[in-house]
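Accompanying notes for the structure given below.
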Ligand code: MD6
Ligand code: FE
């Protein structure tokens, strides 16, 4: 960088990082085992769209002091599970270590766990429910490959599609922190990591402002 402002039309936007194969197979398996041990089968919930109440095709869970939830009243962070009222399990130490390595201070407060079976997708959105929007988001892909789409800061602009494989890490930092992004589809049968097939995506976020 030469210090001049980044061109807002650049795709992917400035600060976007894709680290293919960042986690090797052993690290992926260890991470997935730890997450699946914390998220019991009846712990998954199906969020619904604000206003319409339409269900997401992705099932979700959260780890950490704050969890992202969505229902007919809107999107928000909650310290407890929407169905059970119980606190979310803690973020595993190996994920906190990965965050320290790639992001640094302050600590993440939410690990959103997205579970895609064949046919699930996620529409273009921005992650803007956090007060700490200056802190990067770290995302880890496990299991089947996915077609990830990233655009700019405005809805309706050009977008770029890329394939995310198991073990890939994506960082939304800098300009890209508030870029539109989504999952067009997963590519079933491309990994045997997730029992029964599918893709699990972990996104680590800082939610509240820090000192
Ligand atoms: C997914 N990811 O990969 C959806 N959000 O399944 C996201 O929505 C996302 O990858 C913020 C930062 C990175 C991401
Ligand atoms: Fe997102």
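The values are calculated or read from the model by the stated rules, or taken from the named source; none is laboratory data. What you are looking at is a predicted structure, and each value in this text was computed from that prediction instead of being measured. As a convention, Cβ positions derive from the backbone with ideal geometry for all residues, glycine included, and neighbour counts pool all protein chains shown.
Looking across segment 153-171, just one residue is at pLDDT below 95 and either in contact with a helix residue (DSSP H, G or I) (Cβ under 9 Å, 6 or more places away or on another chain) or surrounded by 15 or more Cβ atoms within 10 Å (Cβ to Cβ) (or both), and that is 153. May I ask you to verify whether residue 100 is surrounded by fewer than 20 Cβ atoms within 10 Å (Cβ to Cβ) and part of a strand (DSSP E or B)? Spelling it out, it is not the case that residue 100 is surrounded by fewer than 20 Cβ atoms within 10 Å (Cβ to Cβ) and part of a strand (DSSP E or B). Let me spell it out: the conditions are (1) in a strand (DSSP E or B); (2) over 18 Å from residue 27 (Cβ atoms); (3) within 11 Å of ligand 1 (Cβ to nearest atom), and residue 139 meets all of them except one. Which number is the exception? Checking residue 139 against (1) in a strand (DSSP E or B); (2) over 18 Å from residue 27 (Cβ atoms); (3) within 11 Å of ligand 1 (Cβ to nearest atom), the one that fails is (2).
A Cβ distance below 7 Å, combined with a sequence gap of six or more or placement on separate chains, defines the contacts here; from segment 127-143, residues that are on the phi > 0 side of the Ramachandran plot reach residues that are more than 12 Å from ligand 2 (Cβ to nearest atom) and at pLDDT 95 or above in the pairs 143/166; 143/191; 143/193; 143/194; 143/198; 143/199; 143/200. Applying the condition of being out of contact with any strand residue (DSSP E or B) (no Cβ under 6 Å at 6 or more places or on another chain) and in a loop (DSSP other than H, G, I, E, B) to segment 163-178 and asking which residue is nearest to ligand 1 (Cβ to nearest atom) yields 173.
Select, from 160, 193, 202, the only residue that is part of a strand (DSSP E or B) and within 21 Å of residue 94 (Cβ to Cβ). Every option except 202 fails the conditions.
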